[in-house]
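Comments concern the structure below.
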Amino acid sequence: MENPESQPPPLTRAPTHQLLTDGEAMELLWQLRSQRRQSSPELPETVTRLTAPDGSLLYLVGTAHFSDSKIHRICSVQKPDVVVVELCQYRVSMLKMDENTLLREAKDINLDKVQQAIKQNGLMSGLMQILLLKVSAHITEQLGMAPGGEFREAFREAGRVPFCKFHLGDRPIPVTFKRAIAALSLWQKARLAWGLCFLSDPISKEDVEKCKQKDLLEQTMSEMIGEFPALHQTIVAERDIYLTHTLRQATRCVEAPPNAQKVPAVVVGVVGMGHVPGIERNWEKQLNINEIMSVAPPSRFGWVLRAVVKGVVVGMLGYACYRAGGSIGRVLLSLPAVQSLLETLQPPPA
């Protein structure tokens with residue numbers, strides 16, 4: 001019989017580590033994120049730091065509307081609570097498109113896009129939107145680069161940061177275009193449309209490098225609208241005010257787990273460089289957003305112009321029906337594209 005004292009001690013199970021609850025895990029993750037933030041980071045020249053009254057911080061990144069490595073550096077160092085970009089809900093689709101798709105979309109201004117713009121914004125504002133898209137398409141074609149790369153980069157970075165929210169900060173584009181058109185006389189509209197239609201100046205990648213301190217798209221637009229102060233007011237200055245408002249809304253204290261204690265927020269804002277000076281000027285001012293969100297009802301002249309265009313379209317369709325025969329004519333009139341165009345040209349209610 002073996003001596004019991006010579007036998008090895010019985011195996012004992014190692015103590016298991018207690019699992020964290022969801023609340024404890026969130027608190028730990030929040031603390032780790034906060035600890036990794038730098039209190040005084042070295043900022044690139046085109047990044048501005050602004051402070052809100054409650055101590056929240058805004059890191060305002062000025063870009064040339066193309067992919068920008070500064071966004072990755074700021075987000076990885078500061079682990080923001082909120083990322084705000086110069087986009088509205090009408091342009092949010094560009095965030096999930098790949099570069100090749102965006103290049104095709106920017107270069108392809110077809111009848112469907114014209115009809116959609118007119119239906120969404122009205123005749124004059126819709127046509128103006130198409131003309132401004134032509135400016136963007138011109139830059140895209142010259143550079144072989146799709147604009148909006150910095151917004152897609154910001155969207156990706158926000159998804160990598162725990163607890164980070166993503167906000168759209170720009171004024172809805174239909175409001176901007178309708179207010180811009182309302183600010184111009186008929187002669188000014190014609191002159192601006194002529195300039196935009198015949199935009200053909202070449203743009204090189206070296207030009208983009210020279211514009212590191214200036215927003216290329218904003219610079220091109222500023223050159224085009226320099227003769228129209230009212231247009232500059234609606235497209236640039238009013239949007240400076242709106243962007244300032246949404247950025248200040250984003251820089252509110254956030255609730256930290258586990259007891260929802262209010263703590264200052266860290267926000268990264270990504271805007272075109274042309275808007276940075278205006279945001280800095282407006283940062284501590286009292287702002288009235290209602291003034292820049294109102295849209296005047298369509299003018300009687302606009303209705304007359306729509307009626308003239310409608311008459312031309314109907315006349316062309318009538319001639320097509322006469323030449324092609326009644327059955328084919330009815331097919332033409334039933335096409336969705338034709339129906340959509342005619343709907344946009346209905347007279348306003350009395």
Q) Can you tell me how many residues in the stretch 166-196 are open to solvent by 60 Å² or more (accessible area, probe 1.4 Å) and either at pLDDT 90 or above or under 24 Å from the mean Cα position of the chain (by Cα) (or both)? A) 4
**Q.** Pairs where the first residue, in the stretch 233-244, is within 15 Å of Ser294 (Cβ to Cβ) and the second is crowded, with 22+ Cβ neighbours inside 10 Å and among the aliphatic types (A, V, I, L, M), C-beta under 8 Å, 6+ apart
**A.** Thr234/Ala180
Q: Pull up the stretch 40-49, narrow it to residues that are open to solvent by 90 Å² or more (accessible area, probe 1.4 Å) and more than 16 Å from Val267 (Cβ to Cβ), then point me to the one that is farthest from the chain's Cα centre (by Cα).
A: Ser40
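Yes or no, residue by residue, for (1) in a loop (DSSP other than H, G, I, E, B); (2) of a type in the set (Lys, Arg):
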residue	(1), (2)
Leu28	no, no
Arg33	no, yes
Leu43	yes, no
Cys75	no, no
Q: Considering (1) of a type in the set (Ser, Thr, Tyr); (2) modelled with pLDDT of 60 or more; (3) surrounded by fewer than 18 Cβ atoms within 10 Å (Cβ to Cβ), say which one Ser340 fails and leave the rest.
A: (2)
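Does Leu11 satisfy the criteria of being part of a loop (DSSP other than H, G, I, E, B), at pLDDT below 80 and among the aliphatic types (A, V, I, L, M)?
Numbers: part of a loop (DSSP other than H, G, I, E, B): yes; at pLDDT below 80: yes; among the aliphatic types (A, V, I, L, M): yes.
Against the criterion (part of a loop (DSSP other than H, G, I, E, B), at pLDDT below 80 and among the aliphatic types (A, V, I, L, M)), Leu11 qualifies.
Would you confirm, using the coordinates I've provided, whether Gly55 is assigned to a strand (DSSP E or B) and open to solvent by less than 50 Å² (accessible area, probe 1.4 Å)? Can you show your working first?
Details: assigned to a strand (DSSP E or B): no; open to solvent by less than 50 Å² (accessible area, probe 1.4 Å): yes.
In short, no.
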**Q.** Residues located in the stretch 251-281, provided they are within 23 Å of Pro174 (Cβ to Cβ) and in a helix (DSSP H, G or I)
**A.** Gly274, His275, Gly278, Ile279
Q: Output the number of residues of the stretch 244-277 satisfying the condition of being among the small types (Gly, Ala, Ser) and more than 17 Å from the chain's Cα centre (by Cα).
A: 3
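The values are calculated or read from the model by the stated rules, or taken from the named source; none is laboratory data. Just so you know, these numbers come straight off a predicted model, no measurement behind them. Note that each Cβ is placed from the backbone with ideal geometry, even for glycine, and that neighbours are counted across all protein chains shown. For the accessible areas, the whole protein counts, side chains as well, though only heavy atoms, and no ligand, DNA or RNA atoms are used. Shrake-Rupley method; radii C 1.70, N 1.55, O 1.52, S 1.80 Å.
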